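The structure under discussion appears below in the form of structure tokens.
The values are calculated or read from the model by the stated rules, or taken from the named source; none is laboratory data. Predicted model only: the values in this text are computed from it and were never measured. Neighbour counts are summed over all protein chains in view; Cβ atoms, including those assigned to glycine, are modelled from backbone coordinates with ideal geometry. Side chains are part of the model used for accessible areas, which takes the heavy atoms of the whole protein and leaves out ligands, DNA and RNA. Shrake-Rupley method; radii C 1.70, N 1.55, O 1.52, S 1.80 Å.
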Amino acid sequence: MRIPALDVQRWVNSPPLTLDELRGRVVLMDIWEYTCINWIRTAPYVKAWHREYADRGLTVIGLHAPEFEFGRHAENIDRGIQEHRLTYPIALDNDFRVWDRLGNIAWPARYLFDADGKCAARWIGEGEYDRTEAVLRQLLVDREPDVELPSVTPETATFAATAPPSYADVTEETYLGVDRRLPGAFNLTGNWRDGGDYVELAGGAGEVALPFNAGEVNLVVEPGPAGP
């Protein structure tokens, strides 16, 4: 597989990048979504690789594909980019064109392409940051044998020295919207309006009750037009 055409809806932090402009560069394509907790935990490593290797032959491209309808709205994406302090080129793939050409299946995902534009490796989900950086470094050396590389990033070094967490028996991810929710995973109390990928409190007080077994719970939520 080679780098697909990047015909996306919009670019942020960069003018549109073409395949000709990327030729001769090692490219890391990071598939992300600004509310996805799995990507949020991955982001520090991607930012570190951009920080340390951008001037040594690496181009990081953050390919944003929306998990929810509100993720297609420019004002939400721009706020997410600012809040996560992303400075590398961001391509907004609202129609999943590049996603489909990659054959991607989930958020987050990382695709590494060598200087000839050929896919050298990919990772779906969290983890394996030490392996990602090792392959990235080797591709940079293959591109330019005399390149002077810094030490492995502190973020990756810390990850490599830490035992990976166990997700055994952790409560499964679910959606509140009727299109993808797990039946019986949670209970709603109050006057809620069902949507395809969300629920909305129509008025008064409401409660979402989730029995869970995990170290933390993450909920994608925003205030309605009336405020809280």
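Only one residue of V220, W123, A5 has its Cα farthest out toward the positive end of the dipole of the chain, where Lys and Arg carry +1 and Asp and Glu -1 on Cβ, and that residue is A5. Sorting 105-115, 206-216, 77-87, 60-70 by their mean Cβ neighbour count within 10 Å, with the most densely packed peptide first, gives 60-70, 105-115, 77-87, 206-216.
By accessible area of protein heavy atoms, probe 1.4 Å, what ranking do K47, K118 get, highest first?
I get K118, K47, largest accessible area first.
Annotation: the range 1-75 has a Kirkwood hydrodynamic radius of 13.7 angstrom, from the mean reciprocal C-alpha pair distance. About its Cα centre, the range 96-173 has a charge dipole of approximately 300 debye under the convention of +1 per Lys or Arg Cβ and -1 per Asp or Glu Cβ, with nothing else charged. A dipole drawn for the range 1-134 from +1 and -1 charges on Cβ atoms has a positive end, and of A134, S14, T42 the residue lying farthest that way is A134. Across the range 160-188, the residues whose backbone nitrogen lies under 17 Å from the label position 7 Å along the beta-carbon direction of F96 are 175, 177-181. Per-residue ellipticity at 222 nm, computed for the chain from helices alone with -39500 (n - 2.57) per DSSP H run of at least four residues, works out to -7500 deg cm²/dmol. Would you tally the net charge around L92, using a Cβ to Cβ cut-off of less than 9 Å, leaving L92 out, and scoring K and R as +1, D and E as -1? Charge balance near L92 sits at +1.
All Cα-Cα separations within the range 30-147 were binned at 10 Å from zero, giving a P(r) of 13, 47, 32, 8, 1, each value a whole percent of the pairs. Here the range 106-145 and the range 7-35 have alpha carbon centers that stand 15 Å from each other. Based on alpha-carbon atoms, the Kirkwood radius and the radius of gyration of the range 134-228 give Rg/Rh equal to 1.24. The slack in the chain from Q9 to E75, taken as 0.36 nm per residue of separation less the alpha-carbon distance, amounts to 22.4 nm. When the charge dipole of the range 165-204 is built from unit charges on Cβ atoms (+1 for Lys and Arg, -1 for Asp and Glu) and taken about the Cα centre, the candidate among L182, L201, A168 whose Cα reaches farthest toward its positive end is L201.
Length available on full extension from E216 to A185: 0.36 nm per residue minus the Cα-Cα distance, which gives 9.6 nm. Among beta bridges identified by DSSP and lying wholly in the chain, the antiparallel ones come to about 70 percent.
Taking only the C-alpha atoms, wrap a convex hull around the chain and report its volume per residue in Å³ as a whole number.
Cα convex hull per residue, to the nearest whole number: 137 Å³.
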